[in-house]
Each structure stands twice: as structure tokens, then as C-alpha cells.
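Enquirer: First the structure, then my questions, so here it is.
FYI, it's all coordinate maths here, none of it is from the lab. Small disclaimer: the values here were computed from a predicted structure and weren't measured. Neighbour counts are summed over all protein chains in view; Cβ atoms, including those assigned to glycine, are modelled from backbone coordinates with ideal geometry.
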Amino acid sequence: MKAPKKLRIALDAMGGDYAPGREIAGAVEALQASHMQFEIVLVGDEQVIRHQLALQKAEHLPFTVAHASQIITMADSPTVALKQKKDSSLAVGMHLHKEGKVDACVSAGNTGAVLSAATLILGRIKHVSRPMIGAFIPAEHGTCLLVDAGANVDCRAQHLYEFAVMGSIYVELLKNKERPSIALLNVGEERLKGTEAVLEAYKLLSSSKYNFIGNVEGSDILKSKADIVVCDGFLGNIVLKFGESVPSFLKNKLRKFSARGIINKLAVSMALWPLKVSLRDMDPNEEGGVPVLGVNGVTIIGHGNSTAKGIKNMILRAVEVAQSQVNQKIEAALAEKGF
């Protein structure tokens, strides 16, 4: 009997702010954590990658290197960069995925470029109007999936409905939660509040088979009022970035408090460890990266300043999503609505 084929994950080794050092360190950690249950293709300048593998004493690990002569930087315009840098590590990785040579693509590079590459190179799942980003936010009881977290600035009701469906399927498969609850992010819980798009999305979701519980306000996200909170990407990205700024804000406040005297310093030193442990799940590196849902493949986007741990968790998330068959379920679910 033939052994099952190992999954292959393409890692944009040149994309992040600290590439390729952190990318390769994270890839090493991912392989070690999984006991080599999948393969990683490092995409980028082969000479630079081989040198970094030697520095990290990782030449013995089963990496494959796919050479790419160009790099898309954080300053590059996404669509222009994809046209002008066709041999970038990001584009080469996406094409490997499109051609079926890898099962997922992971990048901590330029977010706009990753979104554009995933949409243009991989294409959209049938019945999906707009791909979107789903980001897990820590809440009082587990996590809340925020959709869209930054891909679509301006949305119609149909798009919000699709985000809700894709989010519901993703949470059900990845978090093993049956009929996760869905809410629309709004300026109040009342049914008749919100923009025209939100009001129409409310009607669509109310008449759907999904577990829609109505509107929630921003203060309800961390209270676990809903498993999935739906909004346009403009609002979602603001919420996400604000939440990610909280731990560093608290650290700064504590630093200032402890500078006022020895008693304050002692009080902070006693509180620091439990606070650090409590806020650990607000660190984006714990989640690793966020998926682009709605594209014909598996793409995980991470922060440009991701640590090795963040890169490792991005890769492990890509493996998890690739094994879930989420795309087939999304296509089937949206075919039922028939927009």
C-alpha cells in the first residue's frame, strides 16, 4: 500500500522585514514541531537561502529551494510589482501553487501584493465575488473570527453575506465548532441601524440557514458575543490593528508607572509575569497568520515583522487549512444561494 503523499508548503523566504533569517528559522521550527510530516519549499534567491541554511546549521533538513531572482518590498505598489517583478519570490511561490507543485503558499511580505497575487494567479473560488481575510481575535471564551480584516474597503450586502458564509465554514472546520454564531458589526444592536449594505446583509443572513444572531457593537467582540463578526475590510482592519496595539500600550503604561519609584517598580515586577501570560494570545505570532478565504488555493499572510515563532505558526496553519477542504465546502455553500 502506497504511503499518502506529503503536503508541500511554499514559503516566500524573501518577503518579511527580517527575511530570510526569520523565515528559515521558522521553517526549521515548523519541520521539527511536525516531525517532518510535510515538506517546505523555500522560494527566493537560492544563494542567499543556502547561505542562511548553513548559518543556521539546517542544511541537513529536507528543504527544497525554488530560485526567484526578484523581491517585492513593502514599499512596492502591489499590482505594479506583480507586473514588473514576475520572477519575485511571491509570484514564483503562487505559480508553484497554481501548477499543483505545492499545496499552499505562505508569505510575511507586502499584504496587498499577497492578496493581489492570490486573487490574480490562483483565481477566485466559483461563486465568490471577493476574496477576504479572516483574522482570529482572542476573546473571553476562546476566539472570535473577524471577517473581512482588510482585503475589501468598500462592500455590498452580497459581499458581507459571502464573508459570513466563508467565515462560518472556516470556524466549523478549523475550530471544530458546529453552527458557529455570526453577527454583523454595527453602531448598535438594533435591527434598523447601520449602512444600507449592513441593513440588506441583515435581511440576507436572517433568512439563511446559518446561525445569525444579529448586530453586535465593537465592545462585544472581546466578550465572545459571537464566534464570527462580519464587517467590511476598512472597519475590520482598524479593529484588528487597534487590538494588536493593546499589549504594547499596556507595557508602556507599566513602564511609566514603575519609573515613579521603588514601590511602583516592585508592584509592576509582581504583576508583570501574570499579565504577560494573560496577554500572550494577543500576540499575532501566536496565531501566525491569516488566511485569504475565497481564492482557489491556500494562502496565509503574516506580519512583516513576524518572529520565527510566527513563521512557524503560519506554516502550521497552512497545513491545517490545506487538510480541511475548506474551499470545496465554500463553493458548495455559495452555490446554494445563487447570486
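Enquirer: Using DSSP, restrict attention to beta bridges with both residues in the chain and report what percent are antiparallel, rounded to the nearest 5. Could the numbers behind the result be given before it?
Expert: On the way: 12 of 39 bridges.
DSSP beta bridges in the chain are roughly 30 percent antiparallel.
Enquirer: Can you compute 3J(HN,Hα) from phi for each residue in region 179-189, using the Karplus curve 6.51 cos²θ - 1.76 cosθ + 1.60 with θ = phi - 60°, rounded to whole Hz and x for Gly and Pro?
Expert: Calculated HN-Hα couplings, in order: 6, x, 7, 10, 9, 8, 6, 8, 7, x, 7 Hz.
Enquirer: Right, something else. In the chain, if the dipole is taken from +1 on Lys/Arg beta carbons and -1 on Asp/Glu beta carbons about the Cα centre, which of A117, N152, A19 is farthest to the positive end?
Expert: A19
Enquirer: Using a Cα-Cα cut-off of under 24 Å, which lysines could be cross-linked to K253, ignoring same-chain neighbours fewer than 8 residues away?
Expert: K223, K241, K265, K276
Enquirer: Just rank M132, M36, fewest to most, by other beta-carbon atoms within 10 angstrom. Show your work: numbers first, answer last.
Expert: Values: M132 30, M36 13.
Ordered from fewest to most neighbouring Cβ atoms within 10 Å, M132, M36 come out as M36, M132.
Enquirer: Something else now. May I have the extent of the alpha carbons of the chain along their three principal axes, as whole Å values ordered from largest to smallest?
Expert: That gives 65, 60, 47 Å along the principal axes, largest extent first.
Enquirer: What is the dipole size for the chain, taken about its Cα centre, with +1 at each Lys and Arg Cβ and -1 at each Asp and Glu Cβ, in debye to the nearest 20? Don't skip to the end; give the middle numbers.
Expert: Working: 39 positive and 34 negative charges, 103 e Å.
With Lys and Arg at +1 and Asp and Glu at -1, about 500 debye.
Enquirer: Here is a further query. Work out, in µm²/s and without decimals, the Stokes-Einstein translational diffusion coefficient of region 124-267 at 10 °C, 1.306 mPa s, Rh from Kirkwood over C-alpha pairs.
Expert: On the way: Rh = 16.2 Å.
Once the numbers are plugged in, D ends up at 98 µm²/s.
Enquirer: Could you give me the ³J(HN,Hα) list for region 307-321, computed from phi with Karplus coefficients 6.51, -1.76, 1.60 and θ = phi - 60°, whole Hz, x at Gly and Pro?
Expert: For region 307-321, the Karplus-derived couplings read 7, 4, 4, x, 4, 4, 5, 4, 5, 5, 5, 4, 4, 4, 5 Hz, x marking Gly and Pro.
Enquirer: Based on Cβ point charges of +1 for Lys and Arg and -1 for Asp and Glu, what charge dipole magnitude is obtained for region 132-285 about its Cα centre, in debye rounded to the nearest 20? Spell out each step's value before the answer.
Expert: Values: 19 positive and 17 negative charges, 190 e Å.
I would put it at about 920 debye.
Enquirer: A further question follows. Roughly how many whole Å is it from the C-alpha centroid of region 148-182 to that of region 254-314?
Expert: Using only Cα atoms, the two centres lie 25 Å from each other.
Enquirer: Helix-derived [θ] at 222 nm for the chain: sum -39500 (n - 2.57) over DSSP H runs of at least 4, divide by residue count, nearest 500? Walk me through the intermediate numbers first.
Expert: On the way: 12 runs with 153 residues, N = 339.
Result for the chain: -14000 deg cm²/dmol, rounded to the nearest 500.
Enquirer: Let me ask you something else. Under the Karplus relation 6.51 cos²θ - 1.76 cosθ + 1.60, θ = phi - 60°, what is the ordered set of whole-Hz ³J(HN,Hα) values for region 236-249, x standing for Gly and Pro?
Expert: The phi angles translate into x, 5, 5, 4, 4, 5, 5, x, 5, 7, 4, x, 5, 5 Hz.
Enquirer: Counting other C-beta atoms within 10 Å, and keeping those with at most 13, which DSSP coil chymotrypsin sites (Phe, Trp or Tyr not before Pro) do you find in region 228-309?
Expert: Working: sites: F234, F242, F249, F257; in loops: none.
Here no chymotrypsin sites (Phe, Trp or Tyr not before Pro) fit, given the DSSP loop and packing criteria.
Enquirer: Further, regarding this structure: If you filter region 1-71 for GluC sites (Glu not before Pro), then keep DSSP loop positions with at most 10 other Cβ within 10 Å, what is left?
Expert: Values: sites: E23, E29, E39, E46, E59; in loops: E59.
Passing sites in region 1-71 are E59.
Enquirer: In debye to the nearest 20, how big a dipole does region 19-159 give about its Cα centre with +1 on each Lys and Arg Cβ and -1 on each Asp and Glu Cβ?
Expert: Numbers: 12 positive and 13 negative charges, 92 e Å.
So the magnitude is around 440 debye.
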